[in-house]
Amino acid sequence: MAAVQVVGSLPSGQPREAPREAIPERGNGFRLLSARLCALRPDDSSSARTEIHLLFDQLISENYSEGSGVAPEDVSALLVQACRLVPLTQNHLVSKVSQLIHHLLNRLQVIVDEQHLDFLLAYTISAIHQCSSWTHREILQALAALVYCNGSKCQKYLPELLGNTGLLMKLSDLAQSDPEVRRAAVHCMANLCLSVPGQPYLEEPYQNVCFQAFLTILQSPKSSDMDDITFCMLLQNALKGIQSLLNGGRMKLTQTDELGALLAVLKKFMFHGLPGLNIEMPTVLYPTPLPQYDGRTPIKPQQSESSASRPTLNKKKKSKVKPKKIQQGEEEEKESSGEIEAAPVTGTGRVNLHEGNTWCPSSLGVQSLPLDGSGAAEKDGVSSPFTSSSWKRVSSSESDFSDAEGGMQSKMR
């Protein structure tokens, strides 16, 4: 029998390599779907709408990994083509293309270039005006993704968005019935306030309009029809908008009330979400306590300490003063002992002294001293008027009340 050659091996006996699977290039799926979408033409038939709808779903569900190799200009061109295929009368397709804009720009981290931004902004703003209200949330999410870091390039549409009757001002108002639409509108405003270094900031009138809108949102309580998650996202968007204005937009709060109101809401929401904690803050909070809202008198802890220390000082003062006065009294007594003559005690209890005719109150305990020699014995027998307890009442420091008490009474007057 002839030798049978083994299948899959070369004549030389070396095994044949298995065919390798083709590795898909990065962004290949996006390019294929983009090519199919760009080949379509506007058609109002049901089959064309179904095909467009399926292509949008495939683009949204495509796995876009990091560094997928998709160029930002290709993404912008695809979105422009998608909007051209969807008339504003088709609410479902408008909602789907809005989801596509939001998903691609956020997933691929693309900032729309100025060449395609004008068309996409005009399309989304017109969609808000013409489409049903149930599509507004998706359209606003797409608008927020478009204006992200593009606030300086949207000058043409700012009056329509942030004017007195602008779309975003109307949809972010407290009277807005749909909380999700209100949150999405505030998100758009926050992204408009976000600036990029090297680009012009948002104009000052629009900065003030956005700041007042954000501040009003932070000062307003949660409505009954809004759940906690939506309310927290609303607060987060308002806080991000204020941060963008103050940090990137170089906005300066020139009025004190604006700064005080901002400080009040910031302090209030520092503890937001803690269980069982309900903080009531004034509408305006000043950097330091001021009497216009804090009526409490400042506590002086040193007053009690000083009043407690004063009697001790007085006691020390008394102990030092007494010996000095006693010594002076003894010296005066020695000098005048030979010259004092007896004098009748008047009704007021006063005695006459030869030297200077000085009057001395009887409360000092001074008695009439005789001129004979028995005066010395009587003097020795009688306690010295200067050492008696009645002398203490003459001392200025030994009045009916202490110095500390006197000071307190004078203050009360």
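The values are calculated or read from the model by the stated rules, or taken from the named source; none is laboratory data. Quantities reported herein were computed from a predicted structural model and do not represent experimental measurements. In this analysis, Cβ positions are derived from the backbone assuming ideal geometry, glycine residues included, and neighbour counts consider all displayed protein chains.
Quick notes on this structure:
Residue-wise test of (1) among the aromatic types (Phe, Trp, Tyr); (2) part of a helix (DSSP H, G or I); (3) more than 19 Å from Val181 (Cβ to Cβ); (4) over 34 Å from the mean Cα position of the chain (by Cα).
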residue	(1), (2), (3), (4)
His92	no, yes, no, yes
Ile111	no, no, yes, no
Phe119	yes, yes, yes, yes
Ser126	no, yes, no, yes
Ala145	no, yes, no, no
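- Identity of the residue in the stretch 36-68, small (Gly, Ala, Ser) and surrounded by 12 or more Cβ atoms within 10 Å (Cβ to Cβ), that ends up nearest to Gln130 (Cα to Cα): Ala48
- Extreme residue, farthest from Val196 (Cα to Cα), among residues of the stretch 103-115 that are of a type outside the set (Val, Ile, Thr) and crowded, with 20+ Cβ neighbours inside 10 Å: Leu104
- Look at (1) among the polar types (S, T, N, Q); (2) touching a helix residue (DSSP H, G or I) at 6+ places or on another chain (Cβ under 7 Å); (3) over 26 Å from Glu258 (Cβ atoms) and you find that Asn191 fails only one, number (3).
- Residue check for Ser126: surrounded by 19 or more Cβ atoms within 10 Å (Cβ to Cβ), assigned by TED's automatic domain parsing to the domain that holds Ser45 and of a type in the set (Gly, Ala, Ser): no
- Meets criteria (closer than 15 Å to Leu143 by Cα, out of contact with any His (no Cβ under 7 Å at 6 or more places or on another chain) and in a helix (DSSP H, G or I)) for Leu78: no
- Matching residues in the stretch 34-51 - criterion: being over 48 Å from the mean Cα position of the chain (by Cα) and not in a loop (DSSP other than H, G, I, E, B): Ala35, Arg36, Leu37, Cys38, Ser46, Ser47, Ala48, Arg49, Thr50, Glu51
Yes/no per residue for (1) modelled with pLDDT under 90; (2) assigned by TED's automatic domain parsing to the domain that holds Leu158; (3) within 25 Å of Glu114 (Cβ to Cβ); (4) surrounded by 14 or more Cβ atoms within 10 Å (Cβ to Cβ):
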{"position": "Leu171", "(1), (2), (3), (4)": "no, yes, no, yes"}
{"position": "Ala175", "(1), (2), (3), (4)": "yes, yes, no, no"}
{"position": "Arg182", "(1), (2), (3), (4)": "no, yes, no, yes"}
{"position": "Met189", "(1), (2), (3), (4)": "no, yes, yes, yes"}
{"position": "Ser195", "(1), (2), (3), (4)": "yes, yes, yes, yes"}
{"position": "Leu202", "(1), (2), (3), (4)": "yes, yes, yes, yes"}
{"position": "Ile229", "(1), (2), (3), (4)": "no, yes, no, no"}
{"position": "Leu234", "(1), (2), (3), (4)": "no, yes, no, yes"}
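- Condition check for Cys188: part of a helix (DSSP H, G or I), more than 22 Å from the chain's Cα centre (by Cα) and in contact (Cβ under 8 Å) with a residue 12 or more places away in the chain: yes
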